[in-house]
Structure formats: C-alpha cells, structure tokens
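Peer 1: Below: one structure in structure tokens.
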Amino acid sequence: MARGQNTVTTKVIGWNAPQSLVPKTAGVEAVVVEVEMYVPPGFPPVRHGDEIKTLADGFTYQVIGLPEDMGYGPFGFKPGAVINLKRWWA
C-alpha cells in the first residue's frame, strides 16, 4: 500500500520470477521486474510506487507501473491481474 495508508491483508493466486532470457521491464522508466504477483479479480487497487509486503518471505516490494489486467479475452474469462514488483531496499 502507499506510504501512510492502512495495511490490507489479502490472498493472492501466486508469484514467480519472470521467465525469460531478456529481463522483463515495466513502467515509464523501464525498471527490471523481479517478481510477478498473480492476483484474483477484486484484489485491492494498487498504483505505481505502492508497497507490498509478502508474508511468504517477509520482503517489501514496490509496485512497478499499473497491474496488467488479464480479463479482456474474447471468452469472458476473468482470471485476475499480474502486478509487477521490485524489491524495496529501504
């Protein structure tokens, strides 16, 4: 969540490091994505620069760009979104 905002605890579908020989970049500054977080429909809204702390590893990550909504296919399937993250070294 953004600095100064309340903390929200919610479940995600999963997460993974991007799988590519070429680093995945996101945002207007082309920041290298370290983790892709897969979230279900209805996940609390996040914006570029918000912070997400994962309970799995305890690290804090910064959101890069906007979530990539995967619900615009031709068959009405709405699987959720991908949130691109970079490790936050505060």
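Peer 1: Residue farthest toward the positive end of the dipole of the chain, with Cβ of Lys/Arg at +1 and Asp/Glu at -1: which of I52, V8, Q19?
Peer 2: V8
Peer 1: Can you work out the Karplus-derived ³J(HN,Hα) for every residue in the stretch 34-50? Use 6.51 cos²θ - 1.76 cosθ + 1.60 with θ = phi - 60°, whole Hz, and x for glycine or proline.
Peer 2: Values per residue, Gly and Pro as x: 9, 9, 9, 9, 9, 10, x, x, x, 4, x, x, 10, 10, 3, x, 5 Hz.
Peer 1: For E29 paired with K86, estimate the spin-label separation in nm (one decimal), with each label point 7 Å from Cα along the Cα-to-Cβ line.
Peer 2: Once both label points are built, they end up 0.5 nm from each other.
Peer 1: Follow-up question, since we're still on this one. Calculated FRET efficiency, V22 and L66, Cβ-Cβ r, R0 22 Å, to nearest 0.05? Write down the numbers at each step before the final one.
Peer 2: Details: r = 21 Å, r/R0 = 0.97.
The calculated FRET efficiency here is 0.55.
Read-outs throughout are calculated quantities, based only on the coordinates presented, and are distinct from any laboratory measurement. Treat the numbers as computed from the prediction; the structure is a model and nothing was measured. Heads up, the Cβs are rebuilt from the backbone with ideal geometry, glycines too, and the neighbour counts pull from every protein chain shown.
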